[in-house]
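Worksheet for the structure shown next.
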Amino acid sequence: MDEYQGLTALVESAWEELNGSDGGRRDLCLDVVSDVLETGRLTPEDAERTVERLVTVALSDESRPVRESALHAVCTASTHYEVPYRVVEPLAVGADAFEPLLLDYVLAILGSTHDQAALPVVERFLQHPRPEVRREVAEAVNELRWSRESAQGETAS
């Protein structure tokens, strides 16, 4: 088994174990997925499939620590891969349902897509009552606006 097969086998094993009932153990499975994503060695396609699955967990799991681990893993992926907005768009659709701690992750993920479709979703939270959320909103808005300005600069040259 080569290194790539070993990484994908780790991810598959984590998904299988995630189906178990022990919340703490399930949380650790997502840490393994995050560690694999952190290597940056998955193909873009495998990374996207992994992120799609993590998004599903973040939106549907009953355990807050498991949802947080899933969102953390998506953030990890977004620093090592170009995660398209379409892959994380379900997070944008469900953003209002996240508590402030988890919303911070969602906003960071949306900002990291550099897709202008995320901007209106992120800007909805500019007046959030929690200062830490407003800080994350400001960072995501800056990242998205910087991306737009960079893209406009490239087309102008």
Test: residue in the stretch 42-55 that is farther than 16 Å from THR76 by Cα, of a type in the set (S, T, N, Q) and either open to solvent by 30 Å² or more (accessible area, probe 1.4 Å) or not in a helix (DSSP H, G or I) (or both): no
Unmet criterion (only one of (1) modelled with pLDDT under 95; (2) within 11 Å of the chain's Cα centre (by Cα)) for MET1: (2)
Residue within the stretch 22-39 that is within 24 Å of ARG86 (Cα to Cα), part of a helix (DSSP H, G or I), touching a Pro at 6+ places or on another chain (Cβ under 6 Å) and modelled with pLDDT of 95 or more present: no
Selection count, the stretch 117-151, where residues are within 15 Å of VAL93 (Cα to Cα) and touching a residue at least 12 places away in the same chain (Cβ under 8 Å): 8
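The values are calculated or read from the model by the stated rules, or taken from the named source; none is laboratory data. Computed from a predicted model, the values in this text were never measured in an experiment. Here the Cβ is made from the backbone with ideal geometry for all residues, glycine too, and neighbour counts use every protein chain on show. Ligands, DNA and RNA are stripped out before the accessible areas are found, and what is left, the full protein with its side chains, is counted by its heavy atoms. Shrake-Rupley method; radii C 1.70, N 1.55, O 1.52, S 1.80 Å.
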